[in-house]
Amino acid sequence: MVPVYRAGWQLTKVRIVMAASLVGSALFLWWGFDAAQTHGLNPGDGGVLAPLPERLAVGGLIASLGIALAVAMWLYGRHYAARIDLDPDKKQIHLATVGFFWNNHHVIPIADLGCVRGHGDINWGVVCVAAATGHFVPLVDAPWKSVRIVGWRWPLIIDQQGVVLHCKVMQILFGG
């Protein structure tokens with residue numbers, strides 16, 4: 001087995017955001033449950049309990065946002081490369097992607113790797129600051145590559161700030 005890539009410190013950051021999304025999701029669920037019971041009782045809302053359908057709609061919307069946050073981070077993690085190893089004898093990639101509590105392991109034939117696209121310095125905050133001030137100041141430098149894999153709906157995400165352990169293999173498989 002040839003070690004090719006490790007996400008390194010970036011993996012720690014992803015795990016922190018995933019843990020925060022679980023906490024945020026729980027808070028949104030609690031807030032949605034509370035809103036379904038008490039929406040309308042605040043003096044600013046009129047001080048009268050809102051009708052049940054309205055309370056359920058508001059509470060459901062808030063709870064749905066919390067669930068969407070957790071699902072979005074789970075999907076992101078399922079496609080974020082934590083570790084990539086090469087088995088040259090079997091011509092397979094051994095890939096670990098991020099889960100909420102542990103890594104998910106995949107074995108992929110090299111032939112199943114598809115097109116690779118590089119993405120660098122994509123940050124809408126930069127565009128907005130540049131439009132408002134007339135000066136381009138990069139706020140975030142987060143280059144990454146997306147790799148299509150046969151049978152996967154969404155591409156694999158390889159963070160280019162991770163640690164490349166075998167440059168030649170990385171370049172052959174993923175273009176650098």
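When Ile67, Ile149 are sorted by how many other C-beta atoms sit within 10 angstrom of their C-beta, beginning with the fewest, the order is Ile67, Ile149. Extending 7 Å from Cα along the Cβ direction at Lys90 and again at Phe33 yields two label points whose distance is 4.4 nm. Using the Cβ-Cβ distance between Ala20 and His166 with R0 set to 25 Å, the FRET efficiency from 1/(1 + (r/R0)^6) comes to roughly 0.15. Under a Cβ-Cβ cut-off of 13 Å, what is the net charge of the residues other than Ala96 that fall near it, where Lys and Arg count +1 and Asp and Glu count -1? Net local charge, Ala96 excluded: +3. Principal axis extents of the Cα atoms in the range 11-77, from largest to smallest and rounded to whole angstrom, are 48, 19, 13.
When the Cα positions of Leu65, Ala50, Phe33 are compared along the charge dipole of the range 1-96, Leu65 comes out farthest toward the positive end, with charges on each C-beta of Lys, Arg, Asp and Glu.
For the chain, the relative contact order comes to 24 percent (Cα pairs under 8 Å, sequence separation of at least 6). The charge dipole of the range 1-113, taken about its Cα centre with unit charges on the Cβ atoms of Lys, Arg (+1), Asp and Glu (-1) only, comes to about 340 debye.
Rounded to the nearest 0.05, what FRET efficiency is calculated for His105 and Leu52 with R0 set to 45 Å and r the Cβ-Cβ distance? Rounded to the nearest 0.05, the efficiency is 0.45.
Relative contact order, whole percent, for the range 4-93 stands at 40, derived from Cα pairs under 8 Å and 6 or more residues apart.
Based on the Kirkwood approach, the hydrodynamic radius assigned to the chain is 19.1 Å, with every pair of different Cα atoms included.
Read-outs throughout are calculated quantities, based only on the coordinates presented, and are distinct from any laboratory measurement. Please read these numbers as outputs of a predicted model, since none were measured by experiment. Neighbour counts run over all protein chains shown; Cβ positions are idealised from the backbone, glycine included.
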